[in-house]
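Undergrad: Dropping the structure in here first, questions after.
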Amino acid sequence: MSDIPKPILDALLQGKPIDGRNSWVRKVMKEAEEKERQKKEEDQKRLENFQIKRLEEESEDYQKLITDQKNTIEYIDFDCNGKYCDGKTARVILRPDTRHYAEIRCNLCDRHIKWSPYPNSNEECEFK
Ligand SMILES: [Zn+2]
């Protein structure tokens, strides 16, 4: 506060109006406006980054959906019995991206139900 010019400080202390044409007042106001502008710019950038990230995530989800759709080999009757789901069908989705042959997912709630072993495999599925 010590850098406030005496005429301005006096005006402040006496509750008088401050001369907006004073160079110090203009400098302080310009700095405040610049600070505000930078803050708005940073907020805008943060918002854009958030939106970009969200769009990337949506795109990944969409790509996964398309891949699952392409890899769906069969629709089967299945009672989901989920906590909030009474789905009666499921789909068998090939999963070459895992060490499992396929995955069974509920058609209604998309819940993973179980892994499906390779055909002709005598092994019981170890992951359920
Ligand atoms: Zn379900």
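Undergrad: Say we look at the stretch 105-117 and pick out the residues that are more than 9 Å from the ligand (Cβ to nearest atom) and in a strand (DSSP E or B); which of these is surrounded by the most Cβ atoms within 10 Å (Cβ to Cβ)? Can you show your working first?
TA: Going through the stretch 105-117, the residues more than 9 Å from the ligand (Cβ to nearest atom) turn out to be 112, 114-117.
Restricting the remaining residues to those that are in a strand (DSSP E or B) gives 112, 114-116.
Details: H112: 13, K114: 15, W115: 17, S116: 19.
Filtering first and then ranking leaves S116.
Undergrad: Please determine, by comparing only the residues of the stretch 32-65 that are closer than 28 Å to L94 by Cα and of a type in the set (S, T, N, Q), which one is farthest from the chain's Cα centre (by Cα). Give the derivation first.
TA: Of the residues in the stretch 32-65, the ones closer than 28 Å to L94 by Cα are 54-65.
After this cut, where a residue has to be of a type in the set (S, T, N, Q) as well, the list is 59, 63.
On the way: S59: 11, Q63: 16 Å.
Filtering first and then ranking leaves Q63.
Undergrad: Of all residues being away from the ligand (no atom under 16 Å from the Cβ) and of a type in the set (A, V, I, L, M, F, W, C) in the stretch 54-104, which is nearest to S121 (Cα to Cα)? Just the residue, please.
TA: Among those that are away from the ligand (no atom under 16 Å from the Cβ) and of a type in the set (A, V, I, L, M, F, W, C), it is A102.
Undergrad: Tell me which residues, restricted to the stretch 4-29, are of a type in the set (V, I, T) and either in a helix (DSSP H, G or I) or on the phi > 0 side of the Ramachandran plot (or both). Please lay out each step first, then the result.
TA: Going residue by residue through the stretch 4-29, those that are of a type in the set (V, I, T) are 4, 8, 18, 25, 28.
Answer for the stretch 4-29, where residues must be of a type in the set (V, I, T) and either in a helix (DSSP H, G or I) or on the phi > 0 side of the Ramachandran plot (or both): I8, V25, V28.
Undergrad: Of the conditions (1) over 30 Å from Y118 (Cα atoms); (2) modelled with pLDDT under 95, P96 satisfies every one except a single condition; which number is it?
TA: (1)
Undergrad: Among all residue pairs at least 6 apart or on different chains, which show Cβ distances below 6 Å where the first residue, located in the stretch 73-98, is over 16 Å from R111 (Cβ atoms) and the second is outside any strand (DSSP E or B) and away from the ligand (no atom under 15 Å from the Cβ)?
TA: Between residues of the stretch 73-98 that are over 16 Å from R111 (Cβ atoms) and residues that are outside any strand (DSSP E or B) and away from the ligand (no atom under 15 Å from the Cβ), the close pairs are L94/N71.
The values are calculated or read from the model by the stated rules, or taken from the named source; none is laboratory data. None of the values given here were measured: they were computed from a predicted structure. Neighbour counts run over all protein chains shown; Cβ positions are idealised from the backbone, glycine included.
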